[in-house]
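Some notes on the structure that comes next.
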Amino acid sequence: MKIVVLNGYTLDPGDLSWDGLKKLGEVTIYDRTPKELIKDRSFEAEILITNKTPISDEIIEQLPNLKYIGVLATGYNVVDVQAASKKGIPVTNIPTYGTYSVAQFVFALLLELCHHVQHHSNAVKICKIYYKN
């Protein structure tokens, strides 16, 4: 099975593993895909994975082997779901992919508001510059 990830860098800047996906078939991962390369990179794909790269009706019509589109995000507004539906291609997303990171970020912001960690960090940097000269 040919699996193409059009913009893997959005989800994985280099610290995650794609091994689970690679167990399902032949995987090609592109960091980013500009609009003009979507068709060429996706042409043989049976499974197409995207995050921010748009999958239009025009693209869907030109992909003869496509059987599934997965969106690595909570929404799926980057995919023309009506065009996919007409061809019997399911489109899914990952509704809870950011749950832990969102919670972590909320607590980080709360701690910043309470303790002003960035202010302290900036003050230390200014002191280093002042005393270095």
Legend entry - Among Leu16, Leu48, Leu24: highest mean-square fluctuation, GNM of the chain, C-alpha pairs under 10 Å: Leu16
Inset, instruction - Determine the sum of side-chain charges near Ile59: Lys and Arg each +1, Asp and Glu each -1, restricted to other residues whose C-beta is under 9 angstrom from that of Ile59. - result: -3
Legend entry - Dipole magnitude (debye, nearest 20) for the chain, charges at Cβ of Lys, Arg, Asp, Glu: 400
Inset, instruction - Considering the options Leu16, His119, Ile29, tell which one lies farthest towards the positive end of the dipole of segment 8-133, charges being +1 on Lys and Arg and -1 on Asp and Glu at the Cβ, about the Cα centre. - result: His119
Inset, instruction - Report the residue, chosen from Gln104, Gln118, Gln62, that carries the largest GNM mean-square fluctuation when the chain is represented by alpha-carbon nodes joined by springs under 10 Å. - result: Gln118
Legend entry - Given charges at beta-carbon only (K, R positive; D, E negative), |dipole| of segment 1-79 in Debye: 100
Legend entry - ³J(HN,Hα), Karplus 6.51/-1.76/1.60, whole Hz, each residue of segment 72-78, x for Gly, Pro: 7, 6, 7, x, 8, 6, 7
Legend entry - Net charge of Cβ neighbours under 15 Å - reference Asn77; Lys, Arg +1; Asp, Glu -1: -1
Legend entry - Cross-link pairs beyond the 20 Å C-alpha cut-off, checked among Lys52/Lys87; Lys23/Lys87; Lys23/Lys67; Lys2/Lys86: Lys52/Lys87; Lys23/Lys87; Lys2/Lys86
Inset, instruction - Name the residue, out of Leu72, Leu113, Leu21, whose mean-square fluctuation peaks in a Gaussian network model built on the chain with Cα pairs under 10 Å. - result: Leu113
Legend entry - Relative contact order, percent, the chain [alpha-carbon distance under 8 Å, six or more residues apart]: 19
Legend entry - Cα-Cα P(r), the chain, percent of pairs per 10 Å interval: 11, 34, 22, 13, 12, 6, 1
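Here, each number is a calculation from the coordinates, and none is a lab measurement. No experiment lies behind these values; they were computed from the predicted model shown. Note that we place each Cβ from the backbone using ideal geometry, even for glycine, and neighbour counts take in every protein chain shown.
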